[in-house]
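Participant: Please find one structure pasted underneath; my questions will follow.
The values are calculated or read from the model by the stated rules, or taken from the named source; none is laboratory data. Predicted model only: the values in this text are computed from it and were never measured. Neighbour counts are summed over all protein chains in view; Cβ atoms, including those assigned to glycine, are modelled from backbone coordinates with ideal geometry. Please note that ligands, DNA and RNA were not included when accessible areas were found on the heavy atoms of the full protein model with its side chains. Shrake-Rupley method; radii C 1.70, N 1.55, O 1.52, S 1.80 Å.
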Amino acid sequence: MSIEKRLKNCIKAYDRVVKGIDTAALESDDRAYGGIIRAGKGKLVESLAEALVETAWCSVLGQSKKRLEMNRSKMKIHLKDGYIDRIEDPKVRDYLIKNNNKIVYKFGTDVHVYIDGKLIMPIECKAYTENAMMKRILFDAVLMKEAKGLDKYYLLQLESQ
């Protein structure tokens, strides 16, 4: 499929989904209007991210789709030994040392892009990003760098304030 056709499909999907979200939100009796809008736009941004990555990889770079994988799987991150060493309470420190292999933070972004099985692009997808969200995104970028050695972390934002 040509790059122009892929991008037009993204635009059509955006138009269709945004109109559908508004209709669903207006007709809902059990969920708040804003919650439905936010959730729907969040899913839209994730699907647009995947479509744009696939377009760039296949149509622009001419690479095989078989080499590309995208998912939302969580990565397990264990406590750092240096963190445990700084804990003053011996009971807490001993507990953490004893159970360190069981204590994990399940971390992930909205879209993980893998090429040939290697994570190369974490993408955080937001309908909009306010200040508190930006701080969390920056924290997650640092965590991704420490856990996976990735220097780049991407934010795809649908709208700005």
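Participant: If you take every DSSP beta bridge whose two residues both sit in the chain, what share of them, in percent to the nearest 5, is antiparallel?
Facilitator: If I count the DSSP bridges inside the chain, around 75 percent turn out antiparallel.
Participant: Compute the longest continuous run of the chain that contains no exposed GluC sites (Glu not before Pro); treat a site as exposed when its DSSP state is not H, G, I, E or B and it has at most 16 other Cβ atoms within 10 Å.
Facilitator: 1-87
Participant: Can you divide the C-alpha Rg of region 90-133 by 2.2 N^0.38 Å and report the result to two decimal places?
Facilitator: Rg over 2.2 N^0.38 Å, computed on Cα atoms: 1.84.
Participant: While we're here: Computing the accessible area with a 1.4 Å probe over protein heavy atoms, can you report the carbon and sulfur percentage for the chain?
Facilitator: Its accessible area is 54 percent carbon and sulfur atoms.
Participant: Find the centroid of the Cα atoms in region 72-102 and in region 137-161, then give the distance between the two in whole Å.
Facilitator: 24
Participant: Which entries of Lys12/Lys135; Lys74/Lys145; Lys12/Lys152 show an alpha-carbon separation above 27 angstrom in the structure shown?
Facilitator: From Lys12/Lys135; Lys74/Lys145; Lys12/Lys152, over 27 Å: Lys12/Lys135; Lys12/Lys152.
Participant: Moving on. With a 1.4 Å probe and all protein chains left in place, how much accessible area per residue does the chain have, in Å²? Walk me through the numbers on the way to the answer.
Facilitator: Details: 10870 Å² over 161 residues.
In whole numbers, the chain has 68 Å² accessible per residue.
Participant: Roughly what percent of Cα-Cα pairs across region 35-128 reach past 21 Å? Don't skip to the answer; put the middle values down first.
Facilitator: On the way: 2304 of 4371 pairs.
Across region 35-128, Cα pairs with separations above 21 Å total 53 percent.
Participant: Put a dot 7 Å past each Cα toward the Cβ at Ala32 and Asn9; how far apart are the dots in nm?
Facilitator: About 3.6 nm separates the two model spin labels.
Participant: Sticking with this one: For Ile84, what is the net charge nearby, where nearby means another residue's Cβ is under 15 Å from its Cβ and Lys, Arg count +1, Asp, Glu -1?
Facilitator: Taking every Cβ under 15 Å from that of Ile84, the sum is +1.
Participant: Amide H of Thr129: which non-local residues (sequence gap of 5 or more, or other chain) have their own amide H closer than 5 Å, using H built in the peptide plane?
Facilitator: Gln161
Participant: Return the loop-located trypsin sites (Lys or Arg not before Pro) in region 100-161 (DSSP other than H, G, I, E, B) with at most 11 other Cβ atoms within 10 Å of their own Cβ; answer none if there are none.
Facilitator: Within region 100-161, the qualifying trypsin sites (Lys or Arg not before Pro) (loop, at most 11 other Cβ atoms within 10 Å) are Lys102, Lys152.
Participant: For Cα Rg over 2.2 N^0.38 Å, one of (i) 1.14; (ii) 1.09; (iii) 1.31 was computed from the structure I shared and the rest are decoys. Which label?
Facilitator: The calculated read-out lines up with (iii).
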